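For reference, the structure is listed below as structure tokens.
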Amino acid sequence: MQNKLEEIKNKYYDIVSNRVAGGKYRQILVCGGSGCTSNHSKQIREKFEELCKQQKDIHIVSPGCFGLCAMGPSAIIFPEGAFYKNLTVEKVEQIYNKHILNNEIDIENCYNVKDGKLVDLYEMPFFKKQLRVVLHNCGLTAPSKIEEYIARDGYFALQKALTQMNPQQVIEEIKKSGLRGRGGGGFPTGKKWELASLSNDPIKYVCCNADEGDPGAFMDRAILESDPHSVVEAMIIAGYAINANQGYVYLRAEYPLAIECLNTAIKQARELNLLGKNILDSGFDFDIELRLGAGAFVCGEETALMSSIEGKRGEPHPRPPYPAVKGLFEKPTLLNNVETYANIAQIILKGSDWFNKIGTEKSKGTKVFSLGGKINNTGLVEVPMGITLKELIYEIGGGIPNNKKFKAVQTGGPSGGCLTAKNEDVCIDYDNLIAQGSMMGSGGMIVMDEDTCMVDIAKFFLKFIVEESCGKCTPCRVGNKRLLEMLDRITKGEGTMEELEKLKELCLQIKQNSLCGLGQSSPNPTLSTLNNFYDEYLAHIKDKTCPAGVCEALKKYKIDKSKCVGCSLCARNCPVNAISGEVKKPFEIDQQKCIKCGLCYKNCRFNAVTKG
């Protein structure tokens, strides 16, 4: 079987390795990630196939996510390495006529162009500072073809572990790498593996947490859609290291593409004897099953996840005992998330010293982030630990749309906190983010501009938590409901300074007394916005205004008399006749009559109507 891996690699290496600028094959890679797929990339590929059917030696492939989601659907044409953005079926025909038939880059639709000339894609700002370890196959190999994964050294780490290392050596290599859990907690991965290996119980389990539920987070989903074999291979290695023979991937059911890719990967691995009995003729048995979750956010917590796999209600349990001692089906269990597993094969193959040189002293390696919100380059990025927030937002992310000011970025989802403009030079790693009142979380980053109300943001995340709480413990079930009611009153201008003090006190009570990590971290967005944007809370309470003009109950529309030309368009569109004045003279809004519908603001052609 070892010779079989070499044989497959040799057969497919040439075609896969030539997916770089300057290669010798004509290849068209059409993004197959869920973002582009939902934006009709399948039709884009079909159009390329239709046009190219008369052409010989053109390979058309649908790899996973390229990362630059803001410009999808997209395609890369090699050997030139031209990245074509925001594609439509009509644009495909134009690109085909220019690029394929006449060997001329379609400058109009190409992203990696400077001064009218094609440049290396990886010298463009979005890609230049990235370092792809976890995402090294994403956008490059077809997730449905195990042969392409093997051509990129796939399953050679498993072969190395089974034939050249004993289980303890595998664990030591992971420990020496300094890899920490990428699910949010940052617990040392090698230490977790070691704890699971210490039990003498003949039955153990390896679990993968793919229940990615943070608003704005899509890192794990993209990995499973683009490179599912990296997770399958890592789980087998983990099973070998702790002496487990069964693995489970817990994945939410609303990720149909990820489910399809993972099921295909598991089936293909079994067919090549990389899963199942006597893997690679080593005498080691290991298999993987998929378990689908119904979308409960609390099932991202490890004990709730295991309860759900067992067919029980997804509720957390007190710890200790920890899963490494008593987990799934009351047996010792190792649980890591998708991104953590996606690092494993690279560490085993290239060595812990290689991985240890990436990142910072206490946060080794890279981190995958999903950039979303008010940012130009929304998408998936992977950067070395230690990169600054400024580099991530302005260089890779391309800054804020419409020349708006950067206000904050929420990291860690509902469990995290916000970083502000004063944190721009902070190096991003586990410890620095905690020191700034935020956290790494799984890697979601929602960027906010000057038009964002931070009190409203705190309310948004708390509303999510209230809806997702399992209800098992009182601090989370009742406490967060009371917090949400307080925030709701503040956004309506009904809050008091006494209530603001109670808000802080209740946040601390919930943090200290909730049963699981979801409840313990649920007040973080509220505390973070209180610490960083206290003036906004005061404005809502004392001045009865929303500085960002977001909170409906506090909106006030006014007419700037220096800009008003007296066209009367605002008055003619007002449904309650709250605007009066004479034509060619400044108009005025009666605040008592105004219902804050915003039609005057939307219809004014001279920007004379302001909101605040």
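The values are calculated or read from the model by the stated rules, or taken from the named source; none is laboratory data. This structure is a prediction, so every number in the text was calculated from the model and none was measured. Heads up, the Cβs are rebuilt from the backbone with ideal geometry, glycines too, and the neighbour counts pull from every protein chain shown.
Numerical summary
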| read-out | value |
| --- | --- |
| Qualifying residue in the stretch 319-328 (condition: part of a helix (DSSP H, G or I), within 23 Å of Ile446 (Cβ to Cβ) and either assigned by TED's automatic domain parsing to the domain that holds Val466 or touching a helix residue (DSSP H, G or I) at 6+ places or on another chain (Cβ under 7 Å) (or both)) | no |
| Single residue of the stretch 339-379 satisfying the filter (part of a strand (DSSP E or B) and small (Gly, Ala, Ser)) that is surrounded by the fewest Cβ atoms within 10 Å (Cβ to Cβ) | Gly373 |
| Residue list for the stretch 402-459, restricted to those being closer than 12 Å to Pro525 by Cβ and assigned to a loop (DSSP other than H, G, I, E, B) | Gly412, Gly416, Gly437, Ser438, Met439, Gly441 |
| Single residue of Val249, Val298, Val325 found to be of a type in the set (Val, Ile, Thr), touching a residue at least 12 places away in the same chain (Cβ under 8 Å) and more than 21 Å from Glu339 (Cβ to Cβ) | Val325 |
| Matching entry among Ser528, Ser521 (being hydroxyl-bearing (Ser, Thr, Tyr) and either under 21 Å from Pro316 (Cβ atoms) or in the same structural domain as Val298 (by TED's automatic domain parsing) (or both)) | Ser521 |
| Matching option when the condition is surrounded by 15 or more Cβ atoms within 10 Å (Cβ to Cβ), among the charged types (D, E, K, R) and under 27 Å from Met440 (Cα atoms), among Glu260, Glu315 | Glu315 |
| Qualifying position, being small (Gly, Ala, Ser), farther than 25 Å from His136 by Cβ, crowded, with 23+ Cβ neighbours inside 10 Å and out of contact with any helix residue (DSSP H, G or I) (no Cβ under 6 Å at 6 or more places or on another chain), among Ala222, Ala244, Ala253, Ala238 | Ala244 |
| Options Val426, Val447; residue that is of a type outside the set (S, T, N, Q), modelled with pLDDT of 95 or more, within 24 Å of the chain's Cα centre (by Cα) and under 27 Å from Lys362 (Cβ atoms) | Val447 |
| Leading residue by the ranking (nearest to the chain's Cα centre (by Cα)) among those in the stretch 347-389 that are over 21 Å from Gly72 (Cβ atoms), at pLDDT 95 or above and of a type in the set (Lys, Arg) | Lys367 |
| Given (1) in contact (Cβ under 8 Å) with a residue 12 or more places away in the chain; (2) surrounded by fewer than 15 Cβ atoms within 10 Å (Cβ to Cβ); (3) closer than 26 Å to Lys492 by Cα, index of the condition Asp543 fails | (1) |
| Top-ranked residue in the stretch 1-48 [being buried (at least 21 other Cβ atoms within 10 Å of the Cβ) and out of contact with any helix residue (DSSP H, G or I) (no Cβ under 8 Å at 6 or more places or on another chain); ranked as nearest to His99 (Cα to Cα)] | Leu29 |
| In the stretch 269-303, residue surrounded by the fewest Cβ atoms within 10 Å (Cβ to Cβ) [restricted to those that are closer than 25 Å to Glu212 by Cα and either out of contact with any strand residue (DSSP E or B) (no Cβ under 7 Å at 6 or more places or on another chain) or not assigned by TED's automatic domain parsing to the domain that holds Arg221 (or both)] | Ala294 |
| Inter-residue pairs, beta-carbon under 7 Å, first at positive phi and at pLDDT 90 or above and in the stretch 589-612, second assigned to a loop (DSSP other than H, G, I, E, B) and surrounded by fewer than 16 Cβ atoms within 10 Å (Cβ to Cβ), 6+ apart | Asn607/Lys563 |
| Residues of the stretch 480-498 satisfying the condition of being in contact (Cβ under 8 Å) with a residue 40 or more places away in the chain and either of a type in the set (S, T, N, Q) or part of a helix (DSSP H, G or I) (or both) | Asn480, Leu483, Ile490, Thr491, Thr496, Met497 |
| Residue list for the stretch 514-561, filter: over 30 Å from Thr303 (Cβ atoms) and of a type in the set (Gly, Ala, Ser) | Ala539, Ala548, Gly549, Ala553 |
| Flag for Gln509 being under 37 Å from the mean Cα position of the chain (by Cα) and of a type in the set (S, T, N, Q) | yes |
| Matching entry among Glu260, Glu254 (being assigned by TED's automatic domain parsing to the domain that holds Ser308, at pLDDT 95 or above and either part of a helix (DSSP H, G or I) or under 25 Å from Gly314 (Cα atoms) (or both)) | Glu260 |
| Test: residue in the stretch 481-489 that is within 19 Å of Ala539 (Cα to Cα) and touching a Gly at 6+ places or on another chain (Cβ under 6 Å) | yes |
| Helices (runs of 4 or more DSSP H) wholly inside the stretch 507-567 containing at least 3 residues that are within 20 Å of Ala421 (Cβ to Cβ) | 524-532, 534-538 |
| Within the stretch 96-105, tally of residues that are in contact (Cβ under 8 Å) with a residue 24 or more places away in the chain and within 16 Å of Val30 (Cα to Cα) | 2 |
| Residue within the stretch 79-102 that is under 27 Å from Phe369 (Cα atoms), outside the structural domain of Pro256 (by TED's automatic domain parsing) and over 27 Å from the mean Cα position of the chain (by Cα) present | no |
| Count of the stretch 202-211 residues which are more than 23 Å from the chain's Cα centre (by Cα) and either part of a loop (DSSP other than H, G, I, E, B) or without any contact (Cβ under 8 Å) to a residue 40 or more places away in the chain (or both) | 3 |
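Yes/no matrix, rows are residues, columns are (1) outside the structural domain of Ser522 (by TED's automatic domain parsing); (2) assigned to a loop (DSSP other than H, G, I, E, B); (3) out of contact with any Phe, Trp or Tyr (no Cβ under 6 Å at 6 or more places or on another chain); (4) within 17 Å of Ala265 (Cα to Cα):
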{"residue": "Lys160", "(1), (2), (3), (4)": "yes, no, yes, no"}
{"residue": "Thr163", "(1), (2), (3), (4)": "yes, no, yes, no"}
{"residue": "Gly186", "(1), (2), (3), (4)": "yes, yes, no, no"}
{"residue": "Asn200", "(1), (2), (3), (4)": "yes, yes, yes, no"}
{"residue": "Gly213", "(1), (2), (3), (4)": "yes, yes, no, no"}
{"residue": "His229", "(1), (2), (3), (4)": "yes, no, no, yes"}
{"residue": "Ala241", "(1), (2), (3), (4)": "yes, no, no, no"}
{"residue": "Gly247", "(1), (2), (3), (4)": "yes, no, yes, yes"}
